[in-house]
Amino acid sequence: MNPMSRCSNGHEQPEGGSKFCIYCGVTLSVPPPPPAVPTPPVQNVPQMPPQQYPQPMPAQMQPVPLNYQPQQPYYPQAQYAPAFPPPIQQVSCYACGGNGVNLPEKAVICSECRALKPIVPGYQVDNSAFAWAADAKAMAVLRSIKPLSLAAKAVSEKVGRRWIESTFNGVQLSEKQMPHIFGQAVRAARILGMPKMPNVYISGERSWDMLTFGTDHDSFVVIGSALAGNFQGVDMLFLLAREMGHCKAGHALWKTVIRFFLGEQGPAKGFMAGGILANILSPSALLGGAMEMPLLAWARQAEITADRAGLLAVGSEEIARRVLLSWTLKSSFIFKQININAWLEQQSVDDDSYGKLSELTTTSTPYIGPRLKLLTQFAASQEFKHSLSIISQTIKAGAPKAPPKPREDPNTLRFKCATCGTPMRIPRKALAGKNDLPVKCPNAKCRAITHLKKNAKAGQNAVPRQTKKEENLNYGD
């Protein structure tokens with residue numbers, strides 16, 4: 001019992017009462033507090049003034065123990081925990097997956113996004129396999145010219161592709177429209193490892209030109225009608241591979257910019273001739289060709305890159321040389337009558353200074369002499385041979401394998417009818433003990449008899465040989 005619950009007279013007190021007895025009023029006695037436990041003194045501790053004690057470190061600067069684990073939010077019930085769904089993977093094309101891998105076995109182009117199935121899974125061709133170093137240098141100069149860069153962006157985002165595409169009045173090629181040319185275009189694109197198939201048109205507006213326009217992500221190719229009529233097979237493959245090289249190297253955008261700024265270019269045209277901006281820009285802006293000269297310089301270097309891409313696709317300098325010379329003459333028929341060696345000798349003897357000046361100021365296409373020299377240098381380089389070897393081996397590995405030939409049955413003799421060539425076969429045991437075996441053709445329109453005889457010089461075990469047919473010999477059914 002609590003000692004404070006009774007007074008000195010013995011009266012019990014309720015707990016939590018007053019300090020005086022509720023019966024007699026005497027003062028209730030308070031027990032003394034418990035004795036304090038003495039604390040042993042701390043010895044050998046240097047005394048420091050209060051102002052010299054180190055201040056506690058801020059919380060953000062406290063050292064973190066090695067076994068520290070951040071506290072996770074606690075949710076008493078599972079239904080209150082927030083749901084974090086896995087991120088949704090963006091699929092660019094649900095038909096093929098965006099890279100042509102999920103296409104059917106016989107399909108190579110996605111009908112939705114025009115993605116190309118690679119020759120073999122993972123097949124790629126880096127631009128460095130055919131890119132001309134001067135091309136990249138000239139393109140860097142174009143990008144450093146701010147007005148041209150802004151114009152390229154405007155062309156790409158607004159009216160470039162649609163406007164130019166509509167001006168050619170072309171027929172789009174496909175598996176059902178001139179498939180012999182479209183198939184070569186698909187083959188060229190796949191050899192160069194392009195991820196997407198550009199649209200291909202044939203047009204008569206510029207019949208001897210092969211053109212590439214568009215943007216870095218959406219380009220298209222225009223084939224002149226005269227080119228389509230003069231070049232077929234591997235020659236057309238070279239021409240189309242050149243344009244696919246333009247697309248893959250990022251030339252389509254700048255070729256579109258050239259058409260917007262300079263219009264049609266040729267030897268008879270001067271600075272900015274035919275360009276749609278000729279009436280807008282002031283004459284002082286045209287002096288010196290501040291924008292035209294870099295564009296023309298880049299366009300000539302870009303053609304060398306395209307030649308190298310075409311050579312990589314066909315693998316033969318002879319084919320590339322033949323097509324380029326015929327294209328320069330604008331006639332494959334006249335090309336066959338030209339002494340090529342004499343022409344090339346003439347090109348090497350002519351004064352090169354005037355040629356360079358003319359090429360520098362009037363055309364976006366390099367002249368044929370220097371162009372063929374650069375092509376020969378590339379064909380002899382180790383880089384070309386190495387890239388061509390890898391491409392050839394990959395194409396060979398990706399080619400469909402022929403079905404295995406059926407094994408010959410040693411107990412069956414195969415031969416053909418001497419009259420109509422219908423394949424026939426009989427069991428060898430039917431020849432046992434016979435030197436002459438007549439066999440009737442199973443063809444209902446023939447029914448001729450072919451005699452099989454043993455070769456007497458080879459002995460009794462020789463294989464029977466087929467003799468001449470008996471004309472009009474028919475024993476009936």
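One residue is enough: does segment 162-185 have a residue meeting the conditions modelled with pLDDT under 90, hydroxyl-bearing (S, T, Y) and within 22 Å of A138 (Cα to Cα)?
The answer is no, given that none of the residues of segment 162-185 is modelled with pLDDT under 90, hydroxyl-bearing (S, T, Y) and within 22 Å of A138 (Cα to Cα).
Is it the case that some residue within segment 80-101 is at pLDDT 75 or above, under 30 Å from A185 (Cα atoms), assigned to a strand (DSSP E or B) and within 18 Å of the chain's Cα centre (by Cα)? Give the derivation first.
Narrowing segment 80-101 to residues at pLDDT 75 or above: 93, 96.
Next cut, under 30 Å from A185 (Cα atoms) only: 93, 96.
Now drop any that are not assigned to a strand (DSSP E or B), which leaves none.
Among the residues of segment 80-101, not one is at pLDDT 75 or above, under 30 Å from A185 (Cα atoms), assigned to a strand (DSSP E or B) and within 18 Å of the chain's Cα centre (by Cα), which makes the answer no.
Please give the number of the condition Q393 fails out of (1) out of contact with any helix residue (DSSP H, G or I) (no Cβ under 7 Å at 6 or more places or on another chain); (2) in contact (Cβ under 8 Å) with a residue 12 or more places away in the chain.
Failing condition for Q393: (2).
Conditions: (1) at pLDDT 55 or above; (2) over 30 Å from R190 (Cβ atoms). R259 meets all but one. Number of the miss?
For R259, the exception is condition (2).
From the list D216, D235, exactly one residue is surrounded by fewer than 22 Cβ atoms within 10 Å (Cβ to Cβ), assigned to a helix (DSSP H, G or I) and touching a residue at least 60 places away in the same chain (Cβ under 8 Å). Which is it?
Numbers: D216 fails: assigned to a helix (DSSP H, G or I).
Only one candidate qualifies: D235.
Take A185 and decide whether it is of a type in the set (A, V, I, L, M), surrounded by fewer than 22 Cβ atoms within 10 Å (Cβ to Cβ) and touching a residue at least 12 places away in the same chain (Cβ under 8 Å). Spell out the reasoning first.
Numbers: of a type in the set (A, V, I, L, M): yes; surrounded by fewer than 22 Cβ atoms within 10 Å (Cβ to Cβ): no; touching a residue at least 12 places away in the same chain (Cβ under 8 Å): yes.
No, not satisfied.
What number of residues in segment 206-240 are of a type in the set (D, E, K, R) and out of contact with any strand residue (DSSP E or B) (no Cβ under 8 Å at 6 or more places or on another chain)?
First pass over segment 206-240, keeping only residues of a type in the set (D, E, K, R): 206, 209, 216, 218, 235.
From what's left, out of contact with any strand residue (DSSP E or B) (no Cβ under 8 Å at 6 or more places or on another chain): 216, 218, 235.
Qualifying residue count for the region: 3.
Being within 30 Å of T394 (Cα to Cα) and either surrounded by fewer than 19 Cβ atoms within 10 Å (Cβ to Cβ) or at pLDDT 85 or above (or both): is that true of V125 here?
Details: within 30 Å of T394 (Cα to Cα): yes; either surrounded by fewer than 19 Cβ atoms within 10 Å (Cβ to Cβ) or at pLDDT 85 or above (or both): yes.
So V125 passes the test.
The values are calculated or read from the model by the stated rules, or taken from the named source; none is laboratory data. Just so it is clear, the model here is predicted, and its values are computed rather than measured. Reconstructed Cβ throughout: ideal geometry from the backbone, glycine too, with neighbour counts over all protein chains shown.
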